[in-house]
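The values are calculated or read from the model by the stated rules, or taken from the named source; none is laboratory data. Note that the structure is predicted; figures quoted are calculated from it, not measured. Please note: Cβ atoms are built from the backbone with ideal geometry, for glycine as well, and neighbour counts cover all protein chains shown.
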Amino acid sequence: MPSARPPRSASALAGAALIALVVGACFDATAVPASPPLDVQAPTPSAPASSAEPGGGGTAGNPGIGGPIVSEPIVPTPVDPGANQPALQVPKPGQHDPHPVAAQSLQASVDGRHVHVKITWYGGVAPCSVLDSVKVDRGEGTIALTVIEGSSDLGAVCIEIAMLKATIVDLGELAPGSWTITSPNSDAAPIQLTIS
């Protein structure tokens, strides 16, 4: 009587084919790994103890780990109070070692013939750098303003930073005509006024 079992070779071939399918599915190169669940965060790589290049902030072959790469040197800027607004200074005459300081800008405010000038400059911190006065030299149609700073304590030790400072100079009422307001030996642009 014939046997109902398939020959051994056919059964072996079918089993081998099934194993090949299972193994092939496990090692499929096109399979995409599943994303981690939303409540599980992938660990972030820790920064290396030392950078491969000075100032680089990364490792050779992977510059993104360890911080951003800076392609240009960082230039420190003067420290300004608030949003680049100068700290308003009130003159305190009688400072030690008074000396002129270069102005950065001049800005005039005219009310009829009455003129105020805002003068801005960079200076150190108190007590080492204190506004002593503003020297006003009047000429024929010209006014020259010079900021004078000094120290209120010659023995003080101050941090070396520059801060933006300003003061308001009341020039009073000017005679009708053309006026040029300057700050000698400075970067401040002259102001041209016409008083009627």
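How many residues does region 89-111 contain that are in contact with a strand residue (DSSP E or B) (Cβ under 6 Å, 6 or more places away or on another chain), assigned to a strand (DSSP E or B) and either modelled with pLDDT of 95 or more or within 17 Å of Thr146 (Cα to Cα) (or both)?
Number of matching residues: 11.
Provide a single number: the residues in region 109-126 that are under 29 Å from the mean Cα position of the chain (by Cα) and surrounded by fewer than 16 Cβ atoms within 10 Å (Cβ to Cβ).
Summing the residues that are under 29 Å from the mean Cα position of the chain (by Cα) and surrounded by fewer than 16 Cβ atoms within 10 Å (Cβ to Cβ) in region 109-126 gives 1.
With respect to the numbered conditions (1) under 28 Å from Asn84 (Cα atoms); (2) surrounded by 12 or more Cβ atoms within 10 Å (Cβ to Cβ); (3) in contact with a Pro (Cβ under 9 Å, 6 or more places away or on another chain), which one is the sole condition not fulfilled by Ile195?
(1)
Among all residue pairs at least 6 apart or on different chains, which show Cβ distances below 7 Å where the first residue, located in region 90-108, is touching a residue at least 40 places away in the same chain (Cβ under 8 Å) and at positive phi and the second is surrounded by 16 or more Cβ atoms within 10 Å (Cβ to Cβ) and not aromatic (Phe, Trp, Tyr)?
What qualifies is Asp97/Gly150; Asp97/Ser151.
Any residue in region 162-185 that is surrounded by 18 or more Cβ atoms within 10 Å (Cβ to Cβ) sitting within a Cβ distance under 7 Å of a residue that is modelled with pLDDT of 95 or more and of a type in the set (D, E, K, R)? List the pairs, counting only those 6 or more apart or interchain.
Ala166/Lys118
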